[in-house]
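One structure is given below, encoded as structure tokens.
Rule-based calculations on the coordinates, nothing more; no lab input. Just so we're clear, the structure is a prediction, and the values are computed from it rather than from any experiment. Cβ placement follows ideal geometry from the backbone for every residue including glycine, while neighbour counts extend to all protein chains displayed.
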Amino acid sequence: MRVMKVLAGISVVGFLVPAISFGCIEPENNCLRARDCPPPGAGATGMGAGGSDAGTSPMCIPSQAEGAVDDKCGIFVSASVGNDSNAGTKGSPVKTIGHAILEANGTDRPIYVCNESFNEVVEAPAGMELYGGLDCANGWTWSDAGRTTLTASPDSVPLKLTSGTALTRIENFAVTAADAMQSGGSSIAAIIDNVTAEISFCELTAGAARDGADGQTDITPAMEGVDGQPGIAACDPMAMALGGTGGMVTCDGIMSQGGNGGNGGIPTADIVGQNGSPGQPGDVAGGTGQPDDAGACTIGQIGADGTPGTVGNGGTEIGSLSISGIAGGNGQNGGTGTPGQGGGGGGGSKAGTAPGSLFCSGMEGT
């Protein structure tokens, strides 16, 4: 087993995230197993912690003490038999680590935790000492294999060590982060924020991160094209009736033009109705003109849909890191779709007086 010292800076330990972050982690030679570590501060006296200057007596560090630590060393926590209204002694422990931190904060008293399971978010201020893995059924004794299990709800970080100048110590904890549930969420076992911390005899395990949410589809409707103008009635025996002009619309600098309607035929000259012109820019066919005074013309074909916009780029791999966790970068907006294709113009019709043909009042037969 090795001691892990985390130097100042925001670090994540035991993590799976949709981004990459960096910590400053320095392994040290292990003296705990050999029980020959010097106290954290020179000249330590007394039972409890003495802060960053005095340090904690080896008699109050479970991995260094001969036998179980004394009841006067600090605050004791048991999930199974504790109550947060208790005094925090071995015989009357508190129930939650969070309550023990509130009681210990500012007093330099270490916290001793049974090798039981806890489901809570633990935020330890700088200078806090948490010693887990104690066998509370056998006099709160320590072994290097003992672990206090710490978990929290999804999208929460179970262990946070907050900023400060005093040394924070964590021993004999197995911290496990749940799988992320929120889109773009990370799974992080511990975050260390600008504090020097020693973490020993610990297991920090992350769950699975989640991909970011899909981008939203723009539901704003595109501008409709303009209808073409109606053709002119083909009842003048000498003049050709011109078809209507196709509608035109410009969207984002791209023009979509409907085809012109086909010209009507001249009854007296035996000129048939003309085909409608295609729409633009995709050459959608126009309608077929009426070949004789008894035939039928058709409308132009409907224009095709515009092409979809381009897909936006995904989020950046490296996001921002804070005490709340890691936030990945947002994806970029998708491109704008193109306008729909203009429809073809309708075919022209031929007037006449034959049965079944278009009838022009007062016109002689052709």
**Item:** Sorted peptide list for 117-125, 191-199, 157-165, 169-177, criterion being average Cβ within 10 angstrom, highest first
**Value:** 169-177, 191-199, 157-165, 117-125
**Fill in**
In nanometres, the difference between 0.36 nm per residue of separation and the alpha-carbon distance of MET255 and LYS72 is 57.4 nm
